[in-house]
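Asks: Supplied in structure tokens, the structure appears directly below.
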Amino acid sequence: MVSAVRDEMLAVMPQLRAFAVALCRSRDHADELVQETLLRACDNITKFEPGTNMTAWLITILRHQLYSEYRKRRRDVQDVNGYYVKTMVTRPHQIGHPEYPELLEAIAKLPKEMREALIPVGARGVSYPEAARICGCPTGTIKSRVHRARAYLAAPVDRQCGGSCRRSKNAIDPGLFGIRESFPRTDFSH
């Protein structure tokens with residue numbers, strides 16, 4: 001029975017392809033459409049009733065597939081040079097907006113080496129090895145600087161959350177690098 005259904009599907013393929021070419025007016029697209037139709041037909045072969053018209057069943061699947069593609073394409077926008085995508089990008093200001101000036105001020109108070117390591121890695125998504133190449137130092141040094149900078153920036157948050165956000169014993173004290181005025185000494189021993 002399975003081979004009979006398969007043979008019947010293979011016999012219908014030329015008609016199916018001709019119908020697809022007539023609908024979409026592109027041989028390449030028609031071939032893709034026929035292939036997708038046959039895959040869907042194989043997935044749903046249990047729904048086909050033997051003795052009924054295989055051609056009509058496959059054409060119905062093909063038509064539904066084509067309509068689905070058109071519905072999806074109707075929502076798509078042709079954006080060859082990426083201009084449209086750039087206009088859609090918005091920064092999430094609703095959550096971080098009030099804290100943003102404070103963050104900029106805190107970053108400005110970081111030592112230059114830490115700032116130069118943190119901004120490419122944290123804000124721009126540059127990899128540690130690439131940031132190390134840019135800064136002209138080993139990757140481990142960049143990782144260390146970023147870690148310390150993040151610890152300094154997190155210290156005020158730890159104080160504000162009443163100790164529930166405390167760092168581990170090996171966390172870094174912000175006062176160690178001469179920035180006590182912006183980050184008062186915090187007890188990290190818990």
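Asks: Hey, any hits in the stretch 134-141 for a residue that's of a type outside the set (Ser, Thr, Tyr), under 24 Å from Glu99 (Cβ atoms), at pLDDT below 90 and outside any loop (DSSP other than H, G, I, E, B)?
Replies: Checked against the condition, which is being of a type outside the set (Ser, Thr, Tyr), under 24 Å from Glu99 (Cβ atoms), at pLDDT below 90 and outside any loop (DSSP other than H, G, I, E, B), the stretch 134-141 yields no hits at all.
Asks: Can you tell me how many residues in the stretch 157-180 are surrounded by fewer than 16 Cβ atoms within 10 Å (Cβ to Cβ) and at pLDDT 65 or above?
Replies: So the answer is 3.
Asks: How many residues, within the stretch 24-34, are surrounded by 12 or more Cβ atoms within 10 Å (Cβ to Cβ), modelled with pLDDT of 90 or more and over 17 Å from His64 (Cβ atoms)?
Replies: Total meeting the criteria: 1.
Asks: Which residue out of Val121, Val85 is out of contact with any His (no Cβ under 8 Å at 6 or more places or on another chain), at pLDDT below 85, surrounded by 10 or more Cβ atoms within 10 Å (Cβ to Cβ) and assigned to a helix (DSSP H, G or I)?
Replies: The conditions single out Val85.
Asks: Moving on to the next point. Do the conditions hold for Val146, that is, is it among the hydrophobic types (A, V, I, L, M, F, W, C) and modelled with pLDDT of 90 or more?
Replies: yes
Asks: Could you please find all residues in the stretch 56-73 being over 16 Å from Gln15 (Cα atoms) and among the basic types (Lys, Arg)?
Replies: Arg71, Lys72, Arg73
Asks: Hey, another quick one. Return the pair list, or none, for Cβ contacts closer than 8 Å from residues in the stretch 1-15 that are over 8 Å from Met54 (Cβ atoms) and at pLDDT 90 or above to residues that are hydroxyl-bearing (Ser, Thr, Tyr) and surrounded by 11 or more Cβ atoms within 10 Å (Cβ to Cβ), at least 6 apart or on different chains.
Replies: Partner pairs satisfying both residue conditions: Gln15/Thr55.
Residue-wise test of (1) surrounded by fewer than 15 Cβ atoms within 10 Å (Cβ to Cβ); (2) outside any helix (DSSP H, G or I).
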site: Ala4; (1), (2): yes, no
site: Met9; (1), (2): no, no
site: Met13; (1), (2): yes, no
site: Ala22; (1), (2): yes, no
site: Glu36; (1), (2): no, no
site: Pro50; (1), (2): yes, yes
site: Leu62; (1), (2): no, no
site: Leu66; (1), (2): no, no
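Asks: Give me the pairs, please: first residue somewhere in the stretch 108-130 and under 14 Å from Lys143 (Cα atoms) and among the basic types (Lys, Arg), second residue anywhere and at pLDDT 90 or above and surrounded by fewer than 17 Cβ atoms within 10 Å (Cβ to Cβ), beta-carbon distance under 8 Å, and either six or more positions apart or on two chains.
Replies: Sorted first by the residue in the stretch 108-130, then by its partner, the list stays empty.
The values are calculated or read from the model by the stated rules, or taken from the named source; none is laboratory data. In this text, all values refer to a predicted model and were calculated from it rather than measured experimentally. Cβ: placed from backbone, ideal geometry, glycine included. Neighbour counts: every protein chain shown.
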